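Written out below as structure tokens is the structure these notes cover.
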Amino acid sequence: MQFIQYGFGTSEDTNPLKAGAHATSDALKNMEKHSESPTIAFLYSSPEYNPEEVLNGVRLVLDTNTPIVGSSSNFQIVSNNVVSNGVSVGIISSKYISVGIGVDLGASVNPKEAGRNAVRDAIDNLGMSPKLIYVLMDFCKSEEKVMESIIEEVGYTIPIFGGISSDNLEFNRMYQYCNDSYFDSIVCVAFGGDLIPKMSYGRYKNMEDTKENSQFNTATDNTDNNAVEKLQVEDICYLRDKLIITENTKRKIMKINGKNAVDQYKDLIGYEKSVNELKKDKKSYLSNPLGMVANNEEIYLKGPVNLLDDHMTTASYIRNHQELKHVRIDETKVNELFNQNIDILENSPPYYNKPAITFCNVSAMLMETNTDLLKDKLENYQLGDLLGLTTYGEIIFGDIRNYDIAMCGICPDLVSISAKEGIHMITKHPATRETLIKIDELGGSVKVEELAKALGIHRRSAYDRVDPILKHGFAEKENALIQITEFGKILLKFGLIFKKDH
């Protein structure tokens, strides 16, 4: 029995209106049971499309009461497929899930107020306590402040997941969708009801490698083993074998160890061609990011995402006088990141069911450099349907990460749903309580004739009692046997109204 329905559609039609309409139409058709009132639609489109026309196409097909949320994205992840240069729509429908939408247009002007207003409106429109906050925001250079304000509003107990909109690494054509508008700011979705989010992400561990930074270590054989040469920059003393930011502004690193950052970076990654060639070689510098080590020995990668004459640009804020670590991202590393997500989703509660739908955000930098590998990993994902995009920052638990893969599985809360359905069933059909308990006592599987005899009722009466149990999904009929489903077992285990009388 499906408690959360999901349908997806994609289109690569060059006409944006047709692409939006075709993707939406296919999404509705792909739902196992056509829903006349979807809960929410997610819309992702390549930056080459006119977003207004894409929205018009979606609205030609979709009910005007269905909220639309989405973003630009160079690649879209839809039902285990990776789409480029297209429009993708994912529709979720469930009577057990409610959503509230909030938006604010001032993320670049007043980021803290924008984040606070957007999430507050989303929760107010939800009308209940949220189980998950989903966030899409612009690459506005103030993402950390936006997230700070969201956390200040909702606290640390409500999971936050989402991403920063992307384009094709030009960093100038990002936007977000909300209902019938598009803009460059922030949109929040508050999810409530009978759902459980399962969240995961990859980690870069700080593995010290003395060889990797050897060109910055000037110690020689005749140097005292207990002595370490130091570098004096701006009256601050640094170890010579460490990479220290010595001049920066927000997302720009001008100097490392007192020297031109781009020249230092070229030497660090062992790039043999000229600096000018490196600036054009996106795959090389996107595969060799620098990051900072946190207190938990995890490396938070920052960039570069662009190289200019006098500085390198990072994907998120960096601080002066911070030590940098270099991570070489290859297929082994990407595999590790993906598998870390799978391990967490498989081995975290609830264990009784897999996600009905999993939001999946993949770093635009990783997708750019490892497209074939990631397409293969996503196509072979075994834990259900995926829906997501490539991002310039992956938001998980309110933290903004870069160069990462993050997932958020949406599982139906079967304990809560079974209790509600059970109460509804026995209120209308009181005898079903005794009947379901009796099937359980008889081993969970029984013929109707045997059940009737055990209950001391006529065979026809037994059929009448079993029918609502089947309709509510607590049992299923296989040939002549009535068998309790996993959903029914959850009801018997956790539903107090179905506990056996003593």
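The values are calculated or read from the model by the stated rules, or taken from the named source; none is laboratory data. Since this is a predicted model, take the numbers as computed values, not measurements. Quick reminder, even Gly has a Cβ in these numbers, built from the backbone with ideal geometry, and neighbours come from all protein chains shown.
Mind telling me which of the residues Ile344, Ile357 ends up being under 28 Å from Leu386 (Cα atoms) and touching an Asp or Glu at 6+ places or on another chain (Cβ under 6 Å)? Write out each step before concluding.
Values: Ile344 fails: touching an Asp or Glu at 6+ places or on another chain (Cβ under 6 Å).
Being under 28 Å from Leu386 (Cα atoms) and touching an Asp or Glu at 6+ places or on another chain (Cβ under 6 Å) holds for just one of Ile344, Ile357, which is Ile357.
Whether any residue in the range 191-202 is touching a Ser or Thr at 6+ places or on another chain (Cβ under 9 Å) and either assigned to a loop (DSSP other than H, G, I, E, B) or free of Cβ contacts under 8 Å to residues at least 24 places away in the same chain (or both) is what I want to check.
Yes, the range 191-202 contains a residue that is touching a Ser or Thr at 6+ places or on another chain (Cβ under 9 Å) and either assigned to a loop (DSSP other than H, G, I, E, B) or free of Cβ contacts under 8 Å to residues at least 24 places away in the same chain (or both).
From the residues in the range 292-315 that are of a type in the set (Val, Ile, Thr) and surrounded by fewer than 21 Cβ atoms within 10 Å (Cβ to Cβ), which one is modelled with the highest pLDDT? Lay out the reasoning, then the answer.
Residues of the range 292-315 of a type in the set (Val, Ile, Thr): 293, 299, 305, 313-314.
Add one more test, that the residue is surrounded by fewer than 21 Cβ atoms within 10 Å (Cβ to Cβ), and what stays is 293, 313.
Working: Val293: 86, Thr313: 93.
Filtering the range 292-315 for residues that are of a type in the set (Val, Ile, Thr) and surrounded by fewer than 21 Cβ atoms within 10 Å (Cβ to Cβ), the one modelled with the highest pLDDT comes out as Thr313.
Sort through Asp138, Asp180, Asp194 and tell me the only one that's within 20 Å of the chain's Cα centre (by Cα), surrounded by fewer than 24 Cβ atoms within 10 Å (Cβ to Cβ) and among the charged types (D, E, K, R).
Numbers: Asp138 fails: surrounded by fewer than 24 Cβ atoms within 10 Å (Cβ to Cβ); Asp180 fails: within 20 Å of the chain's Cα centre (by Cα).
Asp194 is the lone residue from the list that is within 20 Å of the chain's Cα centre (by Cα), surrounded by fewer than 24 Cβ atoms within 10 Å (Cβ to Cβ) and among the charged types (D, E, K, R).
Kindly provide the set of residues from the range 370-399 that are closer than 16 Å to Lys302 by Cβ and either surrounded by fewer than 24 Cβ atoms within 10 Å (Cβ to Cβ) or among the charged types (D, E, K, R) (or both), ordered by number.
Result: Glu394, Asp399.
Taking Asp263 and the conditions (1) touching a residue at least 60 places away in the same chain (Cβ under 8 Å); (2) surrounded by fewer than 19 Cβ atoms within 10 Å (Cβ to Cβ); (3) farther than 18 Å from Ser363 by Cβ, which numbered condition does it fall short on, given that it satisfies the others?
(1)
Report those helices (runs of 4 or more DSSP H) wholly inside the range 419-502 carrying at least 2 residues which are in the same structural domain as Asn353 (by TED's automatic domain parsing), under 38 Å from the mean Cα position of the chain (by Cα) and modelled with pLDDT of 95 or more.
none
Here are Asn74, Asn81, Asn50: which of them is touching a helix residue (DSSP H, G or I) at 6+ places or on another chain (Cβ under 7 Å), surrounded by fewer than 18 Cβ atoms within 10 Å (Cβ to Cβ) and closer than 21 Å to Glu379 by Cα?
Numbers: Asn74 fails: surrounded by fewer than 18 Cβ atoms within 10 Å (Cβ to Cβ); Asn50 fails: closer than 21 Å to Glu379 by Cα.
Among Asn74, Asn81, Asn50, only Asn81 is touching a helix residue (DSSP H, G or I) at 6+ places or on another chain (Cβ under 7 Å), surrounded by fewer than 18 Cβ atoms within 10 Å (Cβ to Cβ) and closer than 21 Å to Glu379 by Cα.
So which of Ile318, Ile253 ends up being buried (at least 17 other Cβ atoms within 10 Å of the Cβ), modelled with pLDDT of 90 or more and either assigned by TED's automatic domain parsing to the domain that holds Ile405 or of a type in the set (Val, Ile, Thr) (or both)? Talk me through it step by step, then tell me what you get.
Values: Ile318 fails: modelled with pLDDT of 90 or more.
Just one listed residue meets the conditions, Ile253.
From Asn320, Asn380, which residue is within 27 Å of Ser142 (Cα to Cα) and polar (S, T, N, Q)? Write out each step before concluding.
Values: Asn380 fails: within 27 Å of Ser142 (Cα to Cα).
One residue alone meets the criteria, Asn320.
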